[in-house]
Amino acid sequence: MTETTQIAPPRDPSITRGLGAADIHPLARLPDEWEQVLSTWGEKRFRADQVFSWMHARGVLQSEDMSNLSKPLRERLKEDGLSEPGAVSDIHESSDGTKKLLLTLDRGAKVECVLIPMTKLGDADVAGGVDDEEEDDSNAETVEKRRITLCISTQFGCAMGCVFCASGQSGLFRGLGAAEVVYQVIKSRSYLSPNDHLRNVVFMGMGEPLHHYDETARALRLLSHPKGLGMSLRRITVSTVGLVPGIKRLGEDFAGKVGLAVSLHAPDDETRDRIMPMNKKYPILALMDALKAYPLPARRRMTIEYILIGGVNDSLDHANRLAKLLRPLRVKLNLIPMNSIDQSTLQSPRPEAVLAFRERMAEHGYSCFVRTRRGDDVAAACGQLALRSVQPERLVRR
């Protein structure tokens with residue numbers, strides 16, 4: 001009688017918190033957790049680094065392709081559930097070089113990740129808190145390559161309810177686990193051309209990263225681990241609508257090295273309450289205190305994201321009040337003309353209002369950029385490709 005191999009049921013990649021190392025999805029395990037697992041299998045400690053490196057440095061997620069591992073270990077990894085936690089279901093490529101990938105994940109989740117070539121202007125508007133003067137690429141070959149910023153998602157849908165955002169109006173279906181967040185980076189890297197260099201990763205796609213803090217923090221540790229991708233934390237930016245406890249934890253856990261981008265969008269509570277419901281829980285005064293306390297390294301600036309909405313927050317008076325509000329902080333400002341969405345009656349600002357707002361902020365001494373629209377010929381605003389591809393009434397929000 002032939003003995004059949006028992007394959008373990010797949011682990012839920014969206015769950016990590018509170019689990020032991022053996023129960024965490026293989027793609028979400030750190031090297032020390034791999035050591036714990038492999039030691040119970042009778043493997044030597046150095047195998048942990050090999051397995052981790054295969055997945056995170058080389059992007060290999062099929063154990064049979066891990067050529068320097070023994071056949072029994074490769075079989076055991078397969079039994080352990082090592083596999084891709086999703087698949088690319090659609091690709092849209094723009095004439096400007098932007099690539100938008102639609103990934104299908106477990107339980108009907110669909111999220112986008114976007115590869116964005118960095119033009120000189122684009123360096124300012126998509127790379128978050130990274131400043132040009134911080135350039136330190138020592139490898140001449142790397143400098144000559146086309147630099148790419150990758151925008152990734154942390155949730156399927158969003159619970160923040162911002163009235164100008166399609167994802168926010170859809171509500172939250174579920175958060176993504178660290179395995180699913182990191183998978184977006186691993187999969188997107190396979191779509192880079194030989195002349196591309198992945199320079200920055202921004203947590204600015206669908207969802208609120210700090211609402212799902214534990215998984216976001218684990219993903220940051222995985223992406224920056226020197227035995228994996230080894231990405232510098234200062235090349236990673238986390239965007240938030242202003243969740244004060246999450247900002248505090250991010251600063252403490254990563255010593256302020258992770259770039260911080262804050263979706264502010266108004267200089268006063270009255271306006272911000274109308275367009276961002278979360279402001280009622282964490283009003284501007286509390287948010288400003290959290291930003292002042294964020295341990296920003298020398299020569300670094302946090303990014304203030306400001307969506308300009310016609311007739312709501314785009315006047316020169318708004319600009320003057322914004323300049324006064326931000327005076328205690330080291331910031332640069334990204335102005336984002338609103339894209340009209342079906343779920344809202346809010347309107348895009350007039351081009352002359354955008355120009356006037358930018359010039360007024362510059363007069364106040366701020367580095368101020370207008371977000372360049374990228375990939376408009378392949379999809380609408382961020383998040384809408386994923387939302388159009390599902391039937392939300394068939395999904396269960398968590």
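The values are calculated or read from the model by the stated rules, or taken from the named source; none is laboratory data. Given the structure is predicted, the values throughout are model-derived calculations rather than measurements. Here the Cβ positions follow ideal geometry from the backbone for every residue, glycine too, while neighbour counts run over all protein chains shown.
Scanning region 308-329 for residues that are under 26 Å from A298 (Cα atoms) and among the small types (G, A, S) yields a single hit, A323. In region 349-386, the qualifying residues are those that are in contact with a Leu (Cβ under 8 Å, 6 or more places away or on another chain), in a loop (DSSP other than H, G, I, E, B) and closer than 24 Å to G161 by Cα, and the one that is modelled with the lowest pLDDT is A379.
Kindly indicate whether R398 is closer than 30 Å to Y294 by Cβ, assigned to a loop (DSSP other than H, G, I, E, B), among the charged types (D, E, K, R) and modelled with pLDDT under 55. The answer is yes for R398.
This table checks each residue for (1) in the same structural domain as V185 (by TED's automatic domain parsing); (2) buried (at least 19 other Cβ atoms within 10 Å of the Cβ); (3) not polar (S, T, N, Q).
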position	(1), (2), (3)
A57	no, no, yes
N68	no, no, no
I91	yes, no, yes
G97	yes, no, yes
K100	yes, yes, yes
L103	yes, yes, yes
D106	yes, no, yes
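On the basis of being part of a loop (DSSP other than H, G, I, E, B), closer than 19 Å to V114 by Cα and modelled with pLDDT of 95 or more, does M231 make the cut? When the stated conditions are applied, M231 passes them. Restricting attention to region 266-301 and to residues that are in a loop (DSSP other than H, G, I, E, B) and touching a residue at least 60 places away in the same chain (Cβ under 8 Å), the residue that is farthest from V202 (Cα to Cα) turns out to be M276. The residues on offer are R29, R17, R58, and the sole one that is closer than 25 Å to A217 by Cβ and modelled with pLDDT under 95 is R17.
Could you check region 101-201 for helices (runs of 4 or more DSSP H) lying wholly inside it with 1 or more residues that are modelled with pLDDT under 90? Output list reads 122-126, 140-144, 166-170. Part of a loop (DSSP other than H, G, I, E, B), in contact (Cβ under 8 Å) with a residue 60 or more places away in the chain and at positive phi: does that describe G42? No: the conditions fail for G42.
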